[in-house]
Amino acid sequence: MKQQRKFLPILFICLFLIASTSLVIFLFNNSKQQAKGAVDEFYTYEQEGDFSSSWQLLHPYMKEKFSKGHYIQDRAHVFMNHFGVTTFSYTIERTEKLKDWKMEDGLDPVDKAYQVEVVQTFKGKYGHFDLHQNVFAAEEEGEWKIMWDYNK
């Protein structure tokens with residue numbers, strides 16, 4: 001009976017440590033999956049030519065660079081007209097957590113950000129080509145938003 005009483009605190013400590021570790025892993029992977037999901041949603045809209053919806057997923061810093069109308073017109077013009085394609089495919093290669101990442105000099109760093117490597121594959125009048133870009137997902141007021149790197 002005495003041995004059981006000594007064993008119970010150790011069992012509770014072990015269970016607590018396992019539960020705590022599991023929670024931390026879950027929360028980390030959940031943020032990572034949400035960031036990756038935002039990037040996937042963004043490129044799904046872009047792939048469909050729904051640039052109005054993809055613009056909605058941009059971080060406020062990005063929206064300062066592009067008005068909605070300009071973004072919609074420019075994205076369609078550059079990707080569809082210049083490249084001579086009607087759509088593209090894409091893959092998300094890897095996702096990496098960053099600390100104190102800044103979109104460009106002079107802006108505050110974002111607390112929670114992930115770098116997501118995206119490869120867009122175009123098949124158009126200039127042949128087949130891949131565009132590799134690191135895209136950044138940052139949490140802003142509980143939602144994951146898209147950013148690009150403007151650092152020099």
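Every number in this text was worked out from the coordinates using simple rules, so none of it is lab data. Please read all numbers here as calculations on a predicted model, not as lab measurements. We place every Cβ from the backbone using ideal geometry, glycine too, and count neighbours over all the protein chains shown.
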* Structure fact -> Contour minus Cα-Cα span, residue 128 to residue 93, at 0.36 nm per residue, comes to 10.7 nm
* Asked: Once phi is turned into ³J(HN,Hα) by the Karplus curve 6.51 cos²θ - 1.76 cosθ + 1.60 with θ = phi - 60°, what whole-Hz value does each residue of region 37-53 show in order, with x for glycine and proline?
  -> x, 5, 5, 4, 4, 4, 6, 5, 4, 4, 4, 7, x, 8, 6, 5, 6
* What FRET efficiency would be calculated for the residue pair residue 47, residue 111, taking the C-beta separation as r and a Förster radius of 25 Å, to the nearest 0.05? -> 0.25
* For the pairs 99/145; 36/68; 65/125; 32/123; 63/152; 36/65, note any where the Cα-Cα span goes beyond 28 Å. => 65/125; 32/123
* Which of the chymotrypsin sites (Phe, Trp or Tyr not before Pro) across region 64-152 are loop residues per DSSP, with 11 or fewer other Cβ within 10 Å? -> 126
